[in-house]
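Accompanying notes for the structure given below.
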Amino acid sequence: MKNNNEWINISDMMAGLMMFFLFISIIYMMEVSNEKKNVKEIVVTYRKLQKELNEKLNLEFKNDLTNWDAEILENNTIRFKSPDVLFETGESEISDKFQNILNNFFPRYLKIITEKQFENEIDEVRVEGHTSSRWLSAETDDEKYINNISLSQIRAKKVLEYCYLLDLTNENKKWLTKVFRANGMAFAKLIFKDGFEDIEHSQRVEFRVITKAEEKIFKIIDTLK
């Protein structure tokens, strides 16, 4: 009789453990399901926002892009791709021609990204400076990289500074102080043509919008790792 009771107790304990682990599994699956649902909702919002912004930017600047030697990418990056227009080789002072372009471009760009449907969804507005992988006087790869990262950072900062000091409203400037950033990329994101580095077009300035939806997606992905 005693053995039977012990067996029943062990069976009850095993059944209890099985129920416990089943309960944990259900909770985990629900959490994963909820996270997937959250990601889906965020992705839908992100795509909708990107599409609307892309349409607005293309409508606004379609007649200027050729004259500026610029393009609007699918991710809404606006790329100014003519190094001769932007800066002198190896220099960081903005050319007169690029100043005139920025005078025309930035207030209109700012007007779009501060529209109600975009303004509160934007995490960063980045000015990115990009270089080619060359530096003729550099004797080592280290020197080449350091020189290019320094130049690209200074150029990005100069463009940000020039845009920020334009005749903008106090409200716009207040918003920009929260989101406007300058990043020197050196040759981290080269442009290639026919499998080879496109030295000319790798030297460029880009304006990029980073949305809060992107940051949320990255955070959720990190928690699921």
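What follows draws every value from the coordinates through simple rules; no lab data is involved. Quantities reported herein were computed from a predicted structural model and do not represent experimental measurements. Please note: Cβ atoms are built from the backbone with ideal geometry, for glycine as well, and neighbour counts cover all protein chains shown.
At-a-glance table
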quantity: Rg [Å, one decimal], Dmax [Å, integer] - region 46-223, C-alpha atoms; calculated: 16.7, 51
quantity: Highest to lowest packing among 101-111, 193-203, scored as the average C-beta count within 10 Å; calculated: 101-111, 193-203
quantity: FRET efficiency, Glu161 to Glu124 (Cβ-Cβ, R0 22 Å, nearest 0.05); calculated: 0.85
quantity: Charge-dipole axis of region 46-223 as Lys and Arg at +1 and Asp and Glu at -1 on Cβ define it, positive-most pick from Leu57, Thr131, Gln117; calculated: Gln117
quantity: Of Lys48/Lys97; Lys81/Lys111; Lys51/Lys189; Lys40/Lys173; Lys97/Lys173, pairs whose Cα-Cα distance is over 30 Å; calculated: Lys48/Lys97; Lys40/Lys173
quantity: Added length on full extension, which subtracts the Cα-Cα distance from 0.36 nm per residue, Leu59 to Arg47; calculated: 2.5 nm
quantity: Estimated inter-spin distance, Gln99 and Asp141, nm [label 7 Å along Cα→Cβ]; calculated: 4.0
quantity: Kirkwood-based shape ratio for region 96-149, expressed as Rg/Rh from alpha carbons; calculated: 1.21
